[in-house]
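Colleague: Can you read through this structure? Questions will come right after.
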Amino acid sequence: MIKIFDTHAHYDDEAFDSDRDELIKSLPEKNVYAAVNIGVNLETSKRADEYTKIYDHMYGTVGYHPSDAQRIKKEDGDVISKLKDIALNNKKIVAIGEIGLDYHYEDTDKLVQKEWFEKQIELAREINLPISVHSRDAAKDTIDIMKAMHCGEIGGVIHCYSYSVESAKDYLNMGYFFGIGGVVTFKNGKKLKEVVEYLPMDRIVIETDSPYLTPDPFRRLRNDSTYLTYVAEEIARLKNISVDQVYETTWNNALKLYGLA
Ligand code: NI
């Protein structure tokens, strides 16, 4: 039996407004038996919480994405305790995330991003949840913070891993999983293909980042968890194993990552 685990999706996105319920309900029919809706701020963390209560096969995370963290205002109050409340009251909240650093945009405020990354790592440690890390154009600062804060003890996943084989070694040493998605199917995805070839299979989980990063040849379409078959097929090709083995291993890895085993 094929079982697919989408470890990172954003079904709260407006791209799903027209057919969200129908689509999420239909996932098990397409072998997607588990999907994690990822929070990027308080609002989407609440949505993630809500979905876990409506759909048996949905899990959720709570957290502030670095870009959203930059927009936190005083009036928002103590957002850390608000995230904590949601997490402590719902066993299907399986991680703190997505948290991290994103230096891609011009308005980047590195200090603010670092501060919120650290606060949320502390929260994860306090309530004993793994972290889902978003890191873009910020390789050095991410690993520096994660080492300084002993993130190996917390565990988690580097979502949409985009760095080199060399950097991957640091995260492997810390016991982290690697979120591999549509990018591995892209013609310009050579760097990630090399990383996948290098990584041990027991550290790979698959993810869509829906509605973004749809695999080739569907790049211009909206992504959803059912497109993970293309990601799994490419991983199987790169690792020279069967697609079924990819499904089975990544399913078990996801259970371990999110403490569901
Ligand atoms: Ni995401």
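The values are calculated or read from the model by the stated rules, or taken from the named source; none is laboratory data. Everything quoted here is computed from the prediction, not taken from an experiment. For neighbour counting, all protein chains shown are included, and Cβ atoms are generated from backbone atoms with ideal geometry for every residue, glycine included. For the accessible areas, the whole protein counts, side chains as well, though only heavy atoms, and no ligand, DNA or RNA atoms are used. Shrake-Rupley method; radii C 1.70, N 1.55, O 1.52, S 1.80 Å.
Colleague: Working from the alpha-carbon coordinates of the chain, get Rg over Rh, Rh being the Kirkwood radius.
Modeller: In the chain, Rg relative to Rh is 0.94.
Colleague: Accessible area per residue, 1.4 Å probe, Å², for region 140-247: what's the number?
Modeller: Value for region 140-247: 44 Å² per residue.
Colleague: What accessible area, in Å² to the nearest ten, does a 1.4 Å probe give for residue 116?
Modeller: 30
Colleague: Using the Karplus curve 6.51 cos²θ - 1.76 cosθ + 1.60 with θ = phi - 60°, work out ³J(HN,Hα) for each residue of region 46-56 in order, rounded to whole Hz, and write x for Gly and Pro.
Modeller: 5, 5, 4, 4, 4, 4, 4, 7, 8, 10, 4
Colleague: How much length, in nm to one decimal, is gained on full extension between residue 21 and residue 85, taken as 0.36 nm per residue of separation minus their Cα-Cα distance?
Modeller: In short, 20.5 nm is gained.
Colleague: Here is a further query. Sum up the charges of everything whose Cβ sits under 11 Å from the Cβ of residue 12, counting Lys and Arg as +1 and Asp and Glu as -1, but leave residue 12 out.
Modeller: With Lys, Arg at +1 and Asp, Glu at -1, the net is -3.
Colleague: Another question, if that's okay. How do 18, 162 rank by accessible surface area computed with a 1.4 Å probe, from largest to smallest?
Modeller: Largest to smallest exposure gives the sequence 18, 162.
Colleague: Modelled label-to-label distance, residue 30 and residue 256, 7 Å Cα→beta-carbon offset: nm?
Modeller: Modelled inter-label distance: 2.8 nm.
Colleague: Just to check I understand the Karplus step: with θ = phi - 60° and J = 6.51 cos²θ - 1.76 cosθ + 1.60, what whole-Hz values come out for region 153-160, glycine and proline as x?
Modeller: Using θ = phi - 60°, the values come out as 6, 8, x, x, 9, 8, 6, 6 Hz.
Colleague: Multiply the residue gap between residue 212 and residue 233 by 0.36 nm, knock off their C-alpha separation, and tell me the result in nm, one decimal place.
Modeller: Additional length available on full extension: 5.7 nm.
Colleague: Tell me the chymotrypsin sites (Phe, Trp or Tyr not before Pro) within region 217-249 that lie in a loop according to DSSP and have at most 16 other beta-carbon atoms within 10 Å.
Modeller: Answer by residue number: 218.
Colleague: Determine the share of region 44-125's accessible area contributed by carbon and sulfur atoms, expressed in whole percent, with a 1.4 angstrom probe.
Modeller: For region 44-125, the apolar C and S fraction of the accessible surface comes to 46 percent.
Colleague: Round to the nearest 0.05 the FRET efficiency obtained for residue 244 and residue 166 when R0 = 41 Å and r is the Cβ-Cβ distance.
Modeller: Here the calculated transfer efficiency is 0.85.
Colleague: I want to check the label-to-label distance for residue 149 and residue 194. Put each point 7 Å from Cα in the C-beta direction and report it in nm to one decimal.
Modeller: 3.0
Colleague: What is the ratio of the Cα radius of gyration of region 116-261 to 2.2 N^0.38 Å, with N the residue count, to two decimals?
Modeller: That ratio works out to 1.02.
Colleague: In vacuum, with every alpha carbon of region 3-95 counted as one equal point scatterer, what does the Debye formula give for log10 I(q)/I(0) at q = 0.13, 0.22 Å⁻¹? Two decimals, please.
Modeller: -0.44, -1.07
Colleague: Using the structure shown, list the pairs from 46/193; 30/53; 3/46; 82/256; 140/256; 84/193 with a Cα-Cα distance above 32 Å, or answer none.
Modeller: Over 32 Å Cα-Cα: 46/193; 84/193.
Colleague: While we're on this one: Taking 7 Å along the Cα-to-C-beta vector as the label spot, tell me the residue 53-residue 74 distance in nanometres, rounded to one decimal.
Modeller: 3.3
Colleague: Would you please give the residues with an amide H less than 5 Å from that of residue 34, counting only those at least 5 places away or on a separate chain, with H modeled from the backbone geometry?
Modeller: For residue 34, the qualifying residues are 4, 6.
Colleague: Below 8 Å between Cα atoms, with a sequence gap of 6+, how large is the relative contact order for the chain in percent?
Modeller: 19
Colleague: Taking H placed 1.01 Å from N in the peptide plane, check which residues at least 5 places from residue 223 or on another chain put their amide H under 5 Å from its amide H.
Modeller: 212, 214
Colleague: Can you give the accessible area per residue of region 14-97, in Å², using a 1.4 Å probe?
Modeller: Accessible area per residue: 48 Å².
Colleague: Determine the principal axes of the Cα atoms in region 58-101, then give the extent along each, sorted from largest to smallest and rounded to whole angstroms.
Modeller: So the extents along the principal axes, rounded to whole Å, are 29, 21, 13.
Colleague: Quick one: Karplus J couplings for region 82-99, per residue in order, coefficients 6.51, -1.76, 1.60, θ = phi - 60°, nearest Hz, x for Gly and Pro?
Modeller: 5, 5, 4, 4, 4, 5, 6, 9, 8, 5, 8, 7, 10, 6, 9, x, 8, 10
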